[in-house]
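All remarks here apply to the structure that follows.
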Amino acid sequence: MQRFDNYETDTLNAYRSRQRAAEYKSYHTKDWSWARICTWREQRLLHHELARYSWSADDRLLDIPCGTGILGKLLHSFPFHIIASDISPEMMDLARVEYPADRLLGCVQADITKTGFSRCSFACIVVLGFLHRVPLDIKRAALHEISTLAKRVVIITCSVDSPLQRLKKKFLTIVRRRHVSAPCPVPLQDIIIECEAAGFKVVRTVMVVPFLSAEVMLVLEKRL
Ligand SMILES: C[S@@+](CC[C@H](N)C(=O)[O-])C[C@H]1O[C@@H](n2cnc3c(N)ncnc32)[C@H](O)[C@@H]1O
């Protein structure tokens with residue numbers, strides 16, 4: 001079941017301290033954690049999906065929300081000029097160093113539902129680890145905004161809800177009392193419908209770690 005009440009405390013304002021930002025970065029990139037394995041796998045898939053297209057230095061990529069810049073390292077092997085954006089300046093402080101310095105146009109504080117960037121100004125937009133944290137109205141507003149900004153390709157991740165994932169969640173909450181799963185997962189078909197309603201063609205869906213993780217990567221192309 002979706003939780004609608006905690007968006008502001010659990011997501012919008014949750015990462016706005018230096019301590020939380022440092023813990024997040026460490027948990028996803030240094031600690032022996034399941035999140036680190038998923039992040040590693042997510043990066044490999046993302047590299048693979050980006051490499052299917054041909055990109056040039058004229059192409060701008062928007063990483064939103066960029067968090068602590070987990071995506072930054074892999075962008076060293078693509079020619080994009082990059083804008084990283086997040087609501088949390090504390091997260092962005094740790095992100096800056098991860099991107100290729102000569103191609104990072106800036107780290108910009110913005111709300112993903114109303115960014116202020118120009119229409120159709122990004123050839124590629126990547127939205128990782130966000131949509132499954134927020135209720136349906138914020139999912140819709142974010143997808144609508146991303147569709148307005150995108151020219152070509154958008155890659156998103158979202159944890160999906162299914163009987164198998166619910167069973168897994170039940171098991172994990174018994175064996176690992178501190179287990180925290182994504183607050184607002186949705187059935188895969190529902191997120192596909194939302195992406196299509198926002199003006200995208202869904203060209204591929206890939207499970208990040210089949211069966212073991214609920215996270216799915218969706219590759220979207222802007223409909224003309
Ligand atoms: C789970 S982290 C994901 C960060 C990054 N994409 C990653 O995969 O590591 C969620 C991020 O969303 C940011 N955030 C929350 N609400 C936001 C909003 N309305 N607009 C922009 N960023 C937001 C948080 O500050 C946080 O950095």
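The values are calculated or read from the model by the stated rules, or taken from the named source; none is laboratory data. Source: prediction; values computed, not measured. Note that each Cβ is placed from the backbone with ideal geometry, even for glycine, and that neighbours are counted across all protein chains shown. What goes into the accessible areas is simple: the full protein's heavy atoms, side chains included, and nothing from ligands, DNA or RNA. Shrake-Rupley method; radii C 1.70, N 1.55, O 1.52, S 1.80 Å.
The table below lists the values:
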item	result
When residues of the range 130-140 are limited to those that are under 15 Å from the mean Cα position of the chain (by Cα) and hydrophobic (A, V, I, L, M, F, W, C), the one farthest from Ser159 (Cα to Cα)	Ile138
Residues of the range 147-165 satisfying the condition of being assigned to a helix (DSSP H, G or I) and surrounded by 15 or more Cβ atoms within 10 Å (Cβ to Cβ)	Ser147, Thr148, Leu149, Gln165
Members of the range 8-47 found to be more than 9 Å from the ligand (Cβ to nearest atom), part of a loop (DSSP other than H, G, I, E, B) and touching a residue at least 40 places away in the same chain (Cβ under 8 Å), listed by number	Ser17
Residue list for the range 68-95, restricted to those being among the aliphatic types (A, V, I, L, M), free of Cβ contacts under 8 Å to residues at least 60 places away in the same chain and more than 9 Å from the ligand (Cβ to nearest atom)	Leu74, Leu75, Ile82, Ile83, Ala84
Given (1) open to solvent by less than 90 Å² (accessible area, probe 1.4 Å); (2) at pLDDT below 95; (3) part of a helix (DSSP H, G or I); (4) over 18 Å from Met207 (Cα atoms), number of the condition Lys168 does not satisfy	(4)
In the range 56-67, the residues that are in a loop (DSSP other than H, G, I, E, B) and near the ligand (Cβ under 10 Å from one of its atoms)	Ile64, Pro65, Cys66, Gly67
Of all residues in the range 106-129 being open to solvent by 20 Å² or more (accessible area, probe 1.4 Å) and closer than 17 Å to Thr157 by Cβ, the one that is nearest to the chain's Cα centre (by Cα)	Leu128
Among the candidates Trp55, Trp40, residue that is over 28 Å from Leu172 (Cβ atoms), surrounded by fewer than 19 Cβ atoms within 10 Å (Cβ to Cβ) and aromatic (Phe, Trp, Tyr)	Trp55
Scope the range 100-141; condition away from the ligand (no atom under 13 Å from the Cβ) and touching a strand residue (DSSP E or B) at 6+ places or on another chain (Cβ under 8 Å); matching residues	Pro100, Arg103, Leu104, Leu105, Gly106, Cys120, Ser121, Phe122, Ala123, Cys124, Leu136
Residues within the range 208-224 that are open to solvent by 30 Å² or more (accessible area, probe 1.4 Å) and modelled with pLDDT under 95, tallied	5
Filter pass, His144 being open to solvent by 50 Å² or more (accessible area, probe 1.4 Å), assigned to a helix (DSSP H, G or I), under 30 Å from Ser77 (Cα atoms) and within 16 Å of the ligand (Cβ to nearest atom)	yes
Filter result for the condition that a residue is within 30 Å of Glu221 (Cβ to Cβ) and open to solvent by 20 Å² or more (accessible area, probe 1.4 Å), over Ile82, Ile64, Ile70	Ile70
